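Have a look at the structure below before the remarks.
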Amino acid sequence: MTALAALIRRDIRIALRVGGGALIGVLFFLTVTVLMPFAIGPDLPLLARLGPAILWLGALLASLLTLDRLFTADHEDGSLDLIVMGRTPLELACAAKALAHWLAAGVPLIVATPALGLLLNLDVTATSAVALTLLVGTPALTFTGMIGAALAVTLHRGGLLLAVLVLPLSIPVLIFGVAASQAAISGPLSFGTPFSILCALSLVSLVVGPFAAAASLRHGLD
Amino acid sequence: MTLIDLANPTKFLSLTARVLPWLAGATAILLLIGLYQAATAPDDYQQGATVKIMFIHVPNAWLSMFVWGVMSIAALGTLVWRHPLADVAAKAAAPIGAAFTFLALVTGALWGRPMWGTYWEWDARLTSVLILFLMYLGLMALWRAVDDPSRAARAAAVLTLVGALNLPIIKFSVDWWNTLHQPASVMRMGGTSLDKAFLIPLLVMAVGFSLLFVTLHIAAMRNEILRRRVRSLQMMQASQQAA
């Protein structure tokens, strides 16, 4: 337990300090959101209607951007080999790393959502709906993305491949995240149905992600 | 004759060399019968002659999912039993599965144009099959990204098993979301809703296409084994020259 806690604390500390790059994700999120009105035009009602989708896309791309760092840095300085060889089960270590990554890179995205919602003319209900779905949905993005990150780190030149492999797997999360936020804003569906499916997706990825990532790390590293 | 006997690539090559012509012949005969029956099948009272696209479209769609299932079993063979030919089977199946998925999408679009008035609709079934196609392409890219075949095999096996979670979503997408694509009509609770005049040619075509997959798959596996032999011969030659 202490080993996992130490791992989580270390990962968060690395991510938040210089060169960690976790907060770059928020900056990227902001940039994507700011780009949208330039592409769509400054039509506020239209932006309010597209708002949840824009925020979800931005969060998805931002979390994809930071995923690359989940294992690469540890692989480069050799600590990944120590984690693989350590006494802690690799599945748990992967889960701990993903949790730390989510705390350092995912939570800032959710915290930034209200400010970005303001830019997109979303009202309080809409913003809180998007923030709530992001809170429930981003763990699924992190834990499925971890599989791709583990595959990419064993490939040596898998950076671009990571996006190709992870994005199809994250489509269900995107669908139900946007569906739940839309339902909260305009109806006619109830918020509960897509929201509980989103929770289910997160729970499934919580189970599948660490095992798949640990398997590919174990097989891929020599 | 068990699965273990096939583990020896030489035995596999000699056995499949004998089986392959028969398989190819049976495929050709079944597809010919199926195409004849499909061509002579009556027109649908609603859809007219365009219903005949079904005899190509449905087997392709079935196989697009079936091939991923075969690859998932092969992935288990790679990761759990370490069967030496499992990764060859998985690698050989991916492009064939991608081709079936592509054909299902194209024939679906051609069928959708006269029936629904559109080539493409962002409907649950269509979208999930498109995602399946993207996953096939990603898997093929992953196979090519690694030089060492056995390492590529294990990475691809993990991804195949994760992707297999998508299969039930595709299968039941038409039942869960009530969208443009019609719900399942052949394999469903309470028996088929299809008339015999359509069902028999469809089943013949389905078996024919399945045999086509088996034939192509075995042929591709033979190619892959031979390709690996050439590769190891080249490696041996290179190391001899170096020494």
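The values are calculated or read from the model by the stated rules, or taken from the named source; none is laboratory data. Bear in mind that the values here come from a model prediction, so they are computed numbers and not experimental data. Glycine gets a Cβ as well: all are built from the backbone with ideal geometry, and neighbour counts include every protein chain shown. The protein model used for the area step is the full one, side chains on, heavy atoms only, and it has no ligands, DNA or RNA in it. Shrake-Rupley method; radii C 1.70, N 1.55, O 1.52, S 1.80 Å.
With all pairs of different alpha carbon atoms counted, what Kirkwood hydrodynamic radius in Å does segment B:1-141 show?
Over segment B:1-141, the inverse of the mean reciprocal pair distance is 17.5 Å.
Using a 1.4 angstrom probe on the protein heavy atoms only, could you order B:Tyr36, B:Tyr136, B:Tyr119 from most to least accessible area?
I get B:Tyr36, B:Tyr119, B:Tyr136, largest accessible area first.
Hey, what D do you get for segment A:178-222 in µm²/s if you plug the Kirkwood alpha-carbon radius into Stokes-Einstein at 37 °C and 0.692 mPa s?
Once the numbers are plugged in, D ends up at 264 µm²/s.
Considering the Cα positions of the protein assembly as shown, please state its Rg to one decimal place and its Dmax as a whole number of Å.
24.9, 75
Take peptides A:191-203, B:17-29, A:28-40 and line them up by average Cβ neighbours within 10 Å, highest first, as a rough protection proxy.
A:191-203, A:28-40, B:17-29
How large is the accessible surface per residue of the protein assembly as shown, computed with a 1.4 Å probe and reported in Å² as a whole number?
Normalised by residue count, the accessible surface of the protein assembly as shown is 49 Å².
Over the alpha-carbon set of segment A:1-107, work out the extent along each principal axis and list the three values in angstrom, largest first.
Sorted from largest, the Cα extents of segment A:1-107 read 57, 22, 16 Å.
How many nm is it between the label spots at B:Leu110 and B:Gln241, if each spot is 7 Å from the Cα in line with the beta carbon?
Here the answer is 4.7 nm between the modelled labels.
Rounding to the nearest 10 and keeping the result within 0 to 90°, find how far the Cα-based axis of helix A:124-155 lies from the longest principal axis of chain A.
The angle comes out near 30 degrees.
Report the percentage of all Cα-Cα pairs in segment A:40-196 whose separation exceeds 27 Å, rounded to a whole percent.
Result: 30 percent of Cα pairs exceed 27 Å.
Specify the inter-centroid distance of segment A:163-199 and segment A:100-118, based on alpha-carbon positions, in whole Å.
18
Counting partner chain Cβ atoms within 10 Å of every residue's Cβ in A:207-215, what's the average?
Mean number of neighbouring Cβ atoms from other chains: 2.
May I ask for the angle, rounded to the nearest 10°, between helix A:22-40 and the longest principal axis of chain A, with both axes built from Cα atoms and the value confined to 0 to 90°?
On a 0 to 90 degree scale, this one is about 30.
Apply the Karplus curve 6.51 cos²θ - 1.76 cosθ + 1.60, θ = phi - 60°, to the phi angles in segment A:72-84 and return the couplings in whole Hz, x for Gly and Pro.
Values per residue, Gly and Pro as x: 4, 4, 5, 5, 5, 8, x, 6, 5, 4, 5, 5, 5 Hz.
With only Lys, Arg, Asp and Glu charged, each at its Cβ (+1 for the first two, -1 for the last two), find how big the charge dipole of the protein assembly as shown is about the Cα centre; round to the nearest 20 debye.
Dipole magnitude for the protein assembly as shown comes out near 960 debye.
Heavy-atom accessible area of A:Ser63 with all protein chains present, probe 1.4 Å, nearest 10 Å²?
Roughly 20 Å² of A:Ser63 is accessible to a 1.4 Å probe.
Count the net charge of all other residues whose Cβ sits under 15 Å from the Cβ of A:Ala214, scoring Lys and Arg as +1 and Asp and Glu as -1.
+1
May I ask which residue of A:Gly177, A:Pro45, A:Leu134 lies farthest towards the positive end of the charge dipole of chain A, with charges of +1 (Lys, Arg) and -1 (Asp, Glu) on Cβ and the Cα centre as origin?
A:Leu134
Gap in Å between the Cα centre of segment B:209-243 and the Cα centre of segment A:1-71?
The two parts, judged by their Cα centres, are 44 Å apart.
Excluding A:Ile185 itself, calculate the net charge of residues whose Cβ lies under 14 Å from the Cβ of A:Ile185, where each Lys or Arg counts +1 and each Asp or Glu counts -1.
0
How much net charge surrounds B:Arg228 when only the other residues with a Cβ under 13 Å from the Cβ of B:Arg228 are counted, with Lys and Arg +1 and Asp and Glu -1?
+1
If you average over every viewing direction, what projected area does the convex hull of the Cα atoms of segment A:59-117 give, in nm²?
4.4
From the helices alone, meaning DSSP H stretches of at least four residues, give me the mean residue ellipticity at 222 nm for chain A, per-run term -39500 (n - 2.57), in deg cm²/dmol to the nearest 500.
After summing the helix terms and dividing by the residues of chain A, the value is -29000 deg cm²/dmol.
With the dipole of chain A worked out from charges on the C-beta (+1 for Lys and Arg, -1 for Asp and Glu) around the Cα centre, which of A:Gly192, A:Thr88, A:Val166 lies farthest toward the positive end?
Projecting each Cα onto the dipole axis, the largest value belongs to A:Thr88.
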